[in-house]
1. Restricting to segment 313-323, and then to whatever is in a loop (DSSP other than H, G, I, E, B) and not aliphatic (A, V, I, L, M), can you tell me which residue is modelled with the highest pLDDT?
2. Residues being of a type outside the set (Val, Ile, Thr) and touching a residue at least 60 places away in the same chain (Cβ under 8 Å): count how many of those fall in segment 149-206.
3. Which of the residues that make up segment 241-261 are hydroxyl-bearing (Ser, Thr, Tyr) and assigned to a loop (DSSP other than H, G, I, E, B)?
4. When the residues of segment 52-88 are filtered to those that are in a strand (DSSP E or B) and more than 19 Å from the chain's Cα centre (by Cα), which remaining residue is farthest from residue 100 (Cα to Cα)?
5. The conditions are (1) in contact with a Cys (Cβ under 7 Å, 6 or more places away or on another chain); (2) more than 14 Å from residue 304 (Cα to Cα); (3) of a type outside the set (Val, Ile, Thr), and residue 365 fails exactly one of them. Which is it?
6. Scan segment 94-111 and give yes if some residue there is surrounded by fewer than 15 Cβ atoms within 10 Å (Cβ to Cβ), within 19 Å of residue 150 (Cα to Cα) and in contact with a Ser or Thr (Cβ under 6 Å, 6 or more places away or on another chain), otherwise no.
7. Restricting attention to segment 288-312, report how many residues are part of a helix (DSSP H, G or I) and surrounded by 24 or more Cβ atoms within 10 Å (Cβ to Cβ).
Amino acid sequence: MGVCSTKGVAENRKQTFNSKKMLVRQGTKKFFSQSHTDSESALVKECEKAFKRQDLALAEKTLPQVQDPSSVKILYQPDWDRHCLNPRHFSFLHLAAGNGWLGLCKKLIRKFKSRPNVTDDMGFYTPLHFAVGGKHQSVIQYLLEEEKCDPHCLQFIVTPFQLACTVGNASIVDYFLSVWNCNPNSFDDFLNTPLHHAVSRGHLEVVLSLFATGEIRSLHCNKDGDTPLHIAARLGHYHIFVSILSHIEVNLSRCRNSIGDTPLHEAARHGHLPVIKYIMQAGDFDDIHVINSLGNTPLHEASSGNHSKIVELLLHEEDHCLLLHNLEGNTPLHLACKKGHLSTAQLLMNKGFDIHAKNKDNQSPIDVTKPIAKGHLEQLLQQK
């Protein structure tokens, strides 16, 4: 019995030792595997940092050490992207194209098998979009001419050509127009044309390039009903506004968006005096007191915005405006008083607007005046 017991104990100890040995081996293997994973993750982050910071030397050093670079997704927000407010995941090829790294783009495609037409995780933008956004013509030409990317692809919102009109590089726009026959009248998802895109960013050279094709013969409306003229007037792009009218004949008083605004309403609302003056001098406006869907005239808009010089100009151009009421029954004086714009209110009163005129709520301009400004308005009335 003693011998058997001793042998049993010895065998149990041996089994225990072997079990512990196996656990140690497994733990060591797991440790090294985890260490390898952590090391790989740190390397990927270092490479991502290089691409984001446009550090080409570090990118070229770290990229070959990353396992399967084509599968890596980088959280990023391009500075030219005004459509999507949140960062999305892009490939190394996207960022290389956006940085203008032609050599690295070729390496990613040819050596690491990145797809030239790969999109971000939302399916929006391709590397070609990024090259256009960064204004890198050599990368654009490579992707189009050697990798056969599609210049007309509408992944989301804009094609690469429409994006070129937005970022405003005239030579790239000319390249798309002349070599790839891109349509200057094409639409994006919001019905904006390339002309809408160029005007919205104030790119006069691009506007001229688009008109030079001879294919823009009318102004299209986007989903908001805005023509490029509305946008130019709203943003005060005087030279673009004049350029559009020099290429296309437009009746400005009939050029309305979805809420009935004409370019004159837009310029008056946002205080762009040079545009107002040009419209007045050009004589292309049948009625400066044309109303929008709210019943507001350009004078209402200028008075509400406290644009006193525009108010003065509109009052000078038209004497028969004292009975102007919008759909709520408000005169321009009501709107000026409601906003507390006393200098504009004084201009209107000096012109003859009635401080006692009632709107549909039976309120006079002085009734709608902010309490903080009412005392000053009463002093103005006493001085009259």
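1. So, considering only residues that are in a loop (DSSP other than H, G, I, E, B) and not aliphatic (A, V, I, L, M), the one modelled with the highest pLDDT is 321.
2. Final tally of qualifying residues: 2.
3. Matches in segment 241-261: 258 only.
4. The residue in question is 75.
5. Among (1) in contact with a Cys (Cβ under 7 Å, 6 or more places away or on another chain); (2) more than 14 Å from residue 304 (Cα to Cα); (3) of a type outside the set (Val, Ile, Thr), the lone unmet condition for residue 365 is (2).
6. no
7. The total comes to 8.
Condition check ((1) more than 12 Å from residue 197 (Cβ to Cβ); (2) touching a Phe, Trp or Tyr at 6+ places or on another chain (Cβ under 8 Å)) across all residues:
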| position | (1), (2) |
| --- | --- |
| 149 | yes, no |
| 158 | no, no |
| 173 | no, yes |
| 176 | yes, yes |
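The values are calculated or read from the model by the stated rules, or taken from the named source; none is laboratory data. All values reported here derive from a predicted model rather than from experimental measurement. Cβ: placed from backbone, ideal geometry, glycine included. Neighbour counts: every protein chain shown.
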